[in-house]
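Let me begin by presenting the structure, written as structure tokens, before commenting on it.
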Amino acid sequence: MTKIKEIIVVEGKSDTNRLKDCFGDDVIDTLETTGSALSDETIKQIKIAQQKRGVIIFTDPDFNGNRLRTIIQKAVPDAKQAFLPRSKAVPKHSDGSLGIEHAKDADIKAALAAVYTHTDEEFTSYDHADMVNLGLIGEPDSHQRRLAVGSELKIGYTNAKQFLNRLNMFQIAPTDLLTAVKNFDKGSTHDTK
């Protein structure tokens, strides 16, 4: 397998070990944030890694992972991003927390194959009204809708404000967004009365 050019930013040693198990020691390099506390030194290392080889932010799909992703994204706005759906990061035992280390090889590879890159192309952004019209805000099932749509679009799950930011940041095409919403509607158990 060809070496992955970018350095993958993960939260800890268990994520590094899982990625190396999945890809092999000589295929992947990681930079660990060592948990939820992100030091200035680590931010500096991530910036250097971005300049030298590029980075892919690949944090756990939980509160701390999203918080770290946001901090890194602000410091390194042109970093690539990969998202693992929450449903693919569930531990085998109920005493563990969500994490990349629990994902299957195929799910990790799919997440890294669907990396998002910042682009400066012209894009008509979404707004609050779009979120309301698509039921991504303000409906009883908005949470579930964002979870399903975010998973299908491979942008992860967040609260409504961050979901809107991700739709715009990754310049999700309207047709892709509408398809994901329709797929949720087809699979849901809404009462159509």
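The values are calculated or read from the model by the stated rules, or taken from the named source; none is laboratory data. No experiment lies behind these values; they were computed from the predicted model shown. Don't worry about glycine lacking a Cβ; one is built from the backbone with ideal geometry, like all the others, and counts go over all protein chains shown. Calculation scope for accessible area: heavy atoms of the full protein, side chains included, ligands and nucleic acids excluded. Shrake-Rupley method; radii C 1.70, N 1.55, O 1.52, S 1.80 Å.
Stretched out fully, how many nm does the piece from ASP185 to VAL90 gain, at 0.36 nm a residue minus the Cα gap? Each step should come with its number before you reach the end.
Working: separation 95, 0.36 × 95 = 34.20 nm, distance 2.44 nm.
So the chain would gain 31.8 nm between ASP185 and VAL90.
Keeping all protein chains in place, calculate the accessible area per residue for the chain (probe 1.4 angstrom), answer in Å².
Numbers: 10630 Å² over 193 residues.
On a per-residue basis, 55 Å².
Which net charge results when you count Lys and Arg as +1 and Asp and Glu as -1 among the other residues whose beta-carbon is under 11 Å from that of GLY150? Mind dumping the intermediate values first?
Values: positive: ARG86, ARG145, ARG146, LYS154, ARG166; negative: GLU152.
Around GLY150, the charge tally is +4.
Using only Cα atoms, locate the centre of the stretch 124-172 and the centre of the stretch 78-111, then give the distance between them in Å, rounded to an integer.
The two parts, judged by their Cα centres, are 20 Å apart.
What percent antiparallel are the DSSP beta bridges of the chain, to the nearest 5?
Numbers: 1 of 9 bridges.
Antiparallel bridges: around 10 percent, rounded to the nearest 5.
What ranking do 39-51, 130-142 get when scored by the average of other Cβ atoms within 10 Å per residue, highest first?
Details: 39-51: 14.5, 130-142: 16.4.
For the peptides 39-51, 130-142, the packing ranking is 130-142, 39-51.
Within 15 Å, Cβ to Cβ, of GLY54, how many net charges do the neighbouring residues add up to if Lys/Arg are +1 and Asp/Glu are -1?
Numbers: positive: LYS3, LYS5, LYS47, LYS52, ARG53, LYS80; negative: GLU6, ASP29, ASP78.
Net of charged neighbours comes to +3.
If we count every other residue with Cβ under 12 angstrom of LYS182's Cβ, Lys/Arg +1 and Asp/Glu -1, where does the sum land? Working shown, then result.
Values: positive: ARG145, LYS186; negative: GLU152, ASP176, ASP185.
Here the charged neighbours net out to -1.
Compute the angle between helix 63-75 and the longest alpha-carbon principal axis of the chain, please, reported from 0 to 90 degrees and rounded to the nearest 10.
In the chain, helix 63-75 runs at an angle near 70 degrees to the longest axis.
Got a number for carbon plus sulfur as a percent of the chain's accessible area, 1.4 Å probe?
Numbers: 5360 of 10630 Å².
For the chain, the apolar C and S fraction of the accessible surface comes to 50 percent.
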